[in-house]
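Working notes, structure below.
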Amino acid sequence: MELNRWATERMPVERLNPKNDFLFGRLFGEEAGKQLLISLLNAVLRRGGKQAITDVTVVDDTRLGRELIEDKEVVLDILCKVDGEEQVNVEMQVRRFARMDYRSLYYLASMMTGQINRGQPYAFLKRTIGINILDHEYLPLSKYHNTFHLYEDEERDYLLTDILELHFIECPKFQQVVFDIHDPLHRWLRFLDHRTTSEQMEELMKMDETIREAEARLSYLASDEETRRLYAIRERALHDRASWLEDAKAEGREEGKAEGREEGKIEALKSTALRMLQKGVAVTIICEVTGLDEKQIESLDCNSR
């Protein structure tokens, strides 16, 4: 490959973190990364042989302005059509959301309802799949890769329809399993880990030519000054958000302790929520931080006027 040849002729550069959602989008969400995305989807969805994905079309333009990259709340994902039939949304998520389940189902529902216009038959609906790669633990389950469908409550073998499919891949849990280099998903998750050693990466590239192409593309992107600048901006935005949320939670806990009563804790949370409102923080984020619901927060906003 031309890119592989380019990589061998260049001086080595610092390996950027592929889990940075901006960089993840550049790696897999552009035409040059099309074969990488196909390989990743086949690995996650466990497809091979005649069922293997052969073509993808990225729906949204992955080029982003600085204002979007700096937005601490924006979600950078990859929406694509697979072999002209299925819709797949891939999200690399380093941030922690309290209701990732609700959020993911809302995204899937929005993708599905956007497929047909008024008056068109439901038969036009295409299979819709959500893939969440999380850099944190979320589900109270031991497996690192969990897949959800619509099954009957008692007749658990009966699948109502496979038109909706939702995947959660939790990277910290993957670190606890025995690595199998013959498993394509294992190879991709090790590639995505910025702590992977050069020896481990060399082993992956010997085993999988697509991983070699991915590493060469990562090196190519890392050598571009503008890409590195935007990468750094996104890293800072994500770090600031995580720090800010943790500080807000700690502040709420401390105020609650000072009151020493359950009522005091609620009032402390409301006080924190009001300050966040005054700073222009989105209501959904305030709900995540404080645990208050939207009606409670909206009443605070009304009372403060």
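The values are calculated or read from the model by the stated rules, or taken from the named source; none is laboratory data. None of the values given here were measured: they were computed from a predicted structure. Cβ: placed from backbone, ideal geometry, glycine included. Neighbour counts: every protein chain shown.
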Point to revise | Output for region 20-52, where each listed residue is within 17 Å of Glu209 (Cα to Cα) and touching a strand residue (DSSP E or B) at 6+ places or on another chain (Cβ under 8 Å) | key: Phe28, Lys34, Leu37, Ile38, Leu40, Leu41
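Of all residues in region 140-154, count the ones that are within 14 Å of Gln176 (Cβ to Cβ) and among the hydrophobic types (A, V, I, L, M, F, W, C). I'd like the intermediate steps shown before the answer.
Kept after step one, since they are within 14 Å of Gln176 (Cβ to Cβ), are these residues of region 140-154: 141-145.
Okay, now just the ones that are also among the hydrophobic types (A, V, I, L, M, F, W, C), so 141.
Qualifying residue count, region 140-154: 1.
For region 183-200, check the following and say yes or no: at least one residue is closer than 29 Å to Asp101 by Cα, aliphatic (A, V, I, L, M) and without any contact (Cβ under 8 Å) to a residue 60 or more places away in the chain.
Step one: filter region 183-200 for residues closer than 29 Å to Asp101 by Cα, giving 183-195.
Next, from what is left, pick out any that are aliphatic (A, V, I, L, M): 185, 189, 192.
Still in the running and without any contact (Cβ under 8 Å) to a residue 60 or more places away in the chain: 189.
Yes; the residues of region 183-200 include at least one that is closer than 29 Å to Asp101 by Cα, aliphatic (A, V, I, L, M) and without any contact (Cβ under 8 Å) to a residue 60 or more places away in the chain.
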Check your understanding: Glu70: among the acidic types (Asp, Glu) and either modelled with pLDDT under 60 or within 20 Å of Phe168 (Cβ to Cβ) (or both), yes or no?
Key -> yes
Practice item. Consider only pairs whose beta carbons are under 7 Å apart and that are at least six residues apart or on different chains; among these, list those whose first residue lies in region 28-50 and is among the aliphatic types (A, V, I, L, M) and whose second residue is in a loop (DSSP other than H, G, I, E, B) and modelled with pLDDT of 95 or more. Key: Ile38/Ile53; Leu41/Ile53
Review point. Can you find even one residue in region 123-139 that is in the same structural domain as Phe191 (by TED's automatic domain parsing), in a loop (DSSP other than H, G, I, E, B) and of a type in the set (Gly, Ala, Ser)?
Key: no
Study note, to complete from the structure: Here the residues within region 1-59 that are basic (Lys, Arg), in a helix (DSSP H, G or I) and modelled with pLDDT of 90 or more are Arg26, Lys34, Lys50
Exercise for review: Tell me, yes or no, whether region 97-108 has at least one residue that is surrounded by fewer than 12 Cβ atoms within 10 Å (Cβ to Cβ), in the same structural domain as Phe191 (by TED's automatic domain parsing), in a loop (DSSP other than H, G, I, E, B) and of a type in the set (D, E, K, R).
Suggested key: no
Study note, to complete from the structure: For Leu164, the lone unmet condition from (1) over 16 Å from Leu45 (Cα atoms); (2) in contact with a His (Cβ under 9 Å, 6 or more places away or on another chain); (3) of a type outside the set (Lys, Arg) is (1)
Check your understanding: Of all residues in region 216-251, which are buried (at least 19 other Cβ atoms within 10 Å of the Cβ), more than 18 Å from Phe22 (Cβ to Cβ) and either of a type in the set (Asp, Glu) or at pLDDT 90 or above (or both)?
Key -> Ala216
Point to revise | Given (1) closer than 27 Å to Gln176 by Cα; (2) in contact (Cβ under 8 Å) with a residue 60 or more places away in the chain, index of the condition Leu105 fails | key: (1)
Practice item. Taking only region 201-243 into account, find how many residues are closer than 29 Å to Phe97 by Cβ and of a type in the set (Phe, Trp, Tyr). Key: 1
